[in-house]
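Quick notes on the structure that follows.
The values are calculated or read from the model by the stated rules, or taken from the named source; none is laboratory data. The structure displayed is predicted, hence computed values, not measured ones. All Cβ positions, even for glycine, are placed from backbone atoms using ideal geometry, and neighbour counts span all protein chains on display. Note: accessible area is taken over every heavy atom of the protein model, side chains too, but ligands, DNA and RNA are not part of it. Shrake-Rupley method; radii C 1.70, N 1.55, O 1.52, S 1.80 Å.
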Amino acid sequence: MTRLFGTDGVRGESNIALLPELAYKIGRATALYFGKDKAEGCKIIIGRDTRLSGPMFESALAAGICSAGGNVVLTGVIPTPAIAYLSKKFHATAGIVISASHNPYYDNGIKFFGGNGYKLPDKVEDELTEIISDITAGKKLYRAEGKKIGTISRRPDLLRNYIDYVISTCHTRLNGLKIVLDCANGSAYQAMPTVLHELGAEIIVINDNPDGININHDCGSTHLQNLQKEVLYRHADIGIAHDGDADRCLCVDEKGRVLDGDHIILACALYMKKNGQLHNNTVVSTVMANLGFHKALTENGCNVEVTAVGDRYVLENMLKNNYNLGGEQSGHVIFSDFATTGDGLITALQVLAYLKSEKLPASSLLDNMQTYPQLLINVKVKNKTFWQTNPAIQNAIKAATNKLGKEGRILVRPSGTEPLIRVMGEASDQTILRTICENIANIIKIENEKLN
């Protein structure tokens, strides 16, 4: 059976790779699974970001759920972590988010949270895939009739519940801070300005006018140039950027320099350790974390657990070992004392509270670590697995690893959401690093062209 779910739900180009017909089947399968075949009383909360295709998939999912007797609560546009929070708070059977995160508007996705607020384990996703296959094959499955057909209710007011909770996680007033906020024309465009305003910050908001197609377009956490310019122009203390579904947060310091997830996690780890709040003095990160990040934590008496790329793997390690801080260089940061998933809004508040409490400028986050030059090259491929057994590619990776030795590293991996192989390298010498990475990328391109 082909696996339907990727590293973060089902994702594809709207109405081409990801069809509303599939969304209907996913909704139906969800109600059948969580309702244990007869789904009366099953309650599923659905939220979405600002993409043009969002209402289409919302309607299809809701129809599928109701056809199996499940009840649907539609929140409208709302950050991804809000659905995790609301699913748990209101004892929903499950939560669904319609979003393709940082991808362009023409992509969309469907991802799940259980009633406990956590992302679904692989086993549950596989079981959902089996039910979807049965539906596609025409297998006769339970269908609600008469009064047992599910209901749909619209609850945009639930966003306020989430806003209040996010504010409650910050115990420091932000008066005196001048902040430029980039909402990526995405799902944070209502929530985050409200949060910062009510905490007393002076805010300049950009990219908060979504039109269905401008989500993530030259803005947000994957396109920081305009935020950098605005921070400098406005003489702001810090810039904050979210992605389309607001589970990420990256920052820009008062000098216009980028603060990525490594800088954010390191600063919060040191602050939490100082206050006796960092469980086991340990942080969980992924293989993408900078070498300088590891060295800085070690020098400050902290340990680092390393996982595969993906916030779900970070969280899995955190839960298993009772750690309370982890995340990714991309800006997915998990504070398990406050949230069951990465939350860009909560992350931003933790950074702001740290800076305000310690009376530090945002540039201090860069001073905490020596960042090794890092280069990332994306190679579009027909197949994301062939490189693992391709002799030419593997020999190139081995040769690069030997050449860099202990002063650098090479990491080659497939994207979890796009048809790409990512070649990432770190080394103190940028010229050598570029030569090595480009050589591997070119070999991948050549070997990819040989595929049928």
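Miscellaneous remarks
- Residue in segment 374-382 that is modelled with pLDDT of 90 or more, aliphatic (A, V, I, L, M) and more than 30 Å from Arg257 (Cβ to Cβ) present: yes
- Residue in segment 317-328 that is surrounded by fewer than 24 Cβ atoms within 10 Å (Cβ to Cβ), under 18 Å from the mean Cα position of the chain (by Cα) and within 23 Å of Pro414 (Cβ to Cβ) present: yes
- From Gly301, Gly292, residue being touching a residue at least 60 places away in the same chain (Cβ under 8 Å) and either over 23 Å from Gly416 (Cα atoms) or open to solvent by less than 10 Å² (accessible area, probe 1.4 Å) (or both): Gly292
- Among residues of segment 383-423, those that are out of contact with any strand residue (DSSP E or B) (no Cβ under 8 Å at 6 or more places or on another chain), modelled with pLDDT of 90 or more and not in a helix (DSSP H, G or I), counted: 1
- Between Gln370, Gln388, Gln350, Gln374, the distinction of being free of Cβ contacts under 8 Å to residues at least 40 places away in the same chain and out of contact with any Ser or Thr (no Cβ under 7 Å at 6 or more places or on another chain) belongs to Gln388 only.
- Only listed residue being basic (Lys, Arg), crowded, with 23+ Cβ neighbours inside 10 Å and in contact (Cβ under 8 Å) with a residue 24 or more places away in the chain, chosen from Arg257, Arg248: Arg248
- Qualifying residue in segment 74-96 (condition: open to solvent by 50 Å² or more (accessible area, probe 1.4 Å) and assigned to a strand (DSSP E or B)): no
- Those residues of segment 232-245 which are open to solvent by less than 50 Å² (accessible area, probe 1.4 Å), in a loop (DSSP other than H, G, I, E, B) and either in contact (Cβ under 8 Å) with a residue 60 or more places away in the chain or not aliphatic (A, V, I, L, M) (or both), in sequence order: His242, Asp243, Gly244, Asp245
- Top-ranked residue in segment 356-373 [being part of a helix (DSSP H, G or I) and within 29 Å of Glu426 (Cα to Cα); ranked as modelled with the lowest pLDDT]: Asp367
- Segment 30-43 - residue that is under 20 Å from Gly146 (Cα atoms) and either within 26 Å of the chain's Cα centre (by Cα) or among the polar types (S, T, N, Q) (or both) and, of those, surrounded by the fewest Cβ atoms within 10 Å (Cβ to Cβ): Lys43
- Selection count where residues are at pLDDT below 95 and in contact with a Ser or Thr (Cβ under 9 Å, 6 or more places away or on another chain), scope segment 276-290: 4
- Of all residues making up segment 337-395, the number that are under 30 Å from Ile167 (Cα atoms) and open to solvent by 40 Å² or more (accessible area, probe 1.4 Å): 10
- Candidate set from segment 260-280 (those that are over 23 Å from Ile215 (Cβ atoms) and not in a helix (DSSP H, G or I)); member that is least open to solvent (accessible area, probe 1.4 Å): Leu278
- Number of the exception - Thr371 against (1) out of contact with any Phe, Trp or Tyr (no Cβ under 9 Å at 6 or more places or on another chain); (2) closer than 28 Å to Thr298 by Cβ: (1)
- Among the candidates Gly27, Gly64, residue that is at pLDDT 95 or above, open to solvent by less than 20 Å² (accessible area, probe 1.4 Å), in contact with a Leu (Cβ under 7 Å, 6 or more places away or on another chain) and outside any strand (DSSP E or B): Gly27
- When residues of segment 424-437 are limited to those that are in a helix (DSSP H, G or I) and out of contact with any strand residue (DSSP E or B) (no Cβ under 7 Å at 6 or more places or on another chain), the one surrounded by the fewest Cβ atoms within 10 Å (Cβ to Cβ): Thr431
- For segment 106-200, the strands (runs of 3 or more DSSP E) that sit wholly inside it and include 3 or more residues that are open to solvent by 30 Å² or more (accessible area, probe 1.4 Å) are 152-154.
- Filtering Glu21, Glu58 for residues that are assigned to a helix (DSSP H, G or I) and in contact with a Lys or Arg (Cβ under 7 Å, 6 or more places away or on another chain) leaves a single hit, Glu58.
- Filtered by the rule that a residue be touching a strand residue (DSSP E or B) at 6+ places or on another chain (Cβ under 7 Å) and of a type outside the set (Gly, Ala, Ser), segment 214-225 gives Cys219, Leu224.
- Qualifying residues in segment 308-347 (those that are polar (S, T, N, Q) and without any contact (Cβ under 8 Å) to a residue 60 or more places away in the chain) - the one farthest from Leu181 (Cα to Cα): Asn321
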